[in-house]
Every structure is written in C-alpha cells, then in structure tokens.
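Comments concern the structure below.
We did not get these values from a lab; they are worked out from the coordinates using the rules stated. What you are looking at is a predicted structure, and each value in this text was computed from that prediction instead of being measured. All Cβ positions, even for glycine, are placed from backbone atoms using ideal geometry, and neighbour counts span all protein chains on display.
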Amino acid sequence: RVYVANTYSSTVSVVDPTRIGTPNNPVIGTITVPDSPIALAISANGLNAWVLSSAMPMLSRVNLETGAVDLRVPLPFQPAAMTLAPDNTRIYVSGYGPSVAAVDLREGRILSSVNLPACNSPRCVAMG
C-alpha cells in the first residue's frame with residue numbers, strides 16, 4: 001500500500017499501487033487525521049502510520065487496521081519534516097525555530113530538542 005498525506009483535507013489516502021495506471025480507482029481508503037498532515041512514516045511492521053501535522057504542531061500515531069488515531073505527541077515548534085529511525089524507536093522532527101526534536105515512540109514523548117543556529121528553516125531530515 002501507498003499512503004498519501006492530504007494537507008488541505010486532513011486525511012491520508014490509502015492507495016493500491018497495483019491499480020495505478022489502470023481503469024480502477026487506486027484509492028481504496030481514506031483515514032481522517034489531525035489538522036493539515038504534511039508528512040508521514042510507516043512503522044517497520046506496517047501496523048502504524050506516524051503523521052506529522054502542521055496546523056497544530058503534533059505527531060500522531062494512526063492504527064492502520066482501524067484508522068484510529070491512538071496517540072498524540074504535541075511538538076514544541078512548527079514542524080516541517082520527519083524521519084523514522086531504522087530501529088523504529090524514535091522519530092526525528094525538523095521544524096521552524098529552527099529545531100530538531102527526538103521523539104520516543106515507545107513512551108510517546110519528546111526526549112530532547114535542539115536549536116540549529118546555522119540554519120534558519122530546516123525542511124528535510126534523514127538518517128543514514
């Protein structure tokens with residue numbers, strides 16, 4: 001499945017990639033999420049989506065089986081992007097401030113955040 005964040009409708013579209021380019025509608029589901037999703041990441045086990053919302057600075061966990069938001073983590077700054085750690089234990093969120101925050105996914109809380117004085121508006125974050 002492919003998941004697409006729809007900022008203006010506050011939804012995530014669930015797309016069947018085998019239907020792309022065919023006469024069949026590839027959108028097989030829609031999940032309502034908190035205000036203005038701008039990024040998402042899927043857990044390694046495929047059970048959850050982590051959704052980053054910009055209108056209310058928030059990181060939310062969505063149970064992909066039920067479509068329910070079952071955890072919300074308020075962020076201390078306006079987010080721009082996120083990346084999921086390879087071990088699935090943390091998400092790193094970049095945002096305006098300029099800042100980066102480490103979010104513990106097991107406890108659903110911010111572990112720490114740091115300001116980036118050399119960068120005035122970080123838009124992307126990745127792990128390598």
Checked region 5-26 for anything hydrophobic (A, V, I, L, M, F, W, C) and surrounded by 13 or more Cβ atoms within 10 Å (Cβ to Cβ); matches are ALA5, VAL12, VAL14, VAL15
When region 17-52 is checked residue by residue, the ones that are within 13 Å of the chain's Cα centre (by Cα) and within 14 Å of ILE91 (Cα to Cα) are ALA39, LEU40, ALA41, ILE42, SER43, ASN48, ALA49, TRP50, VAL51, LEU52
Of all strands (runs of 3 or more DSSP E) fully inside region 2-84, the set with 2 or more residues that are within 30 Å of ASN115 (Cβ to Cβ) is 37-42, 48-53, 58-63, 69-74, 79-84
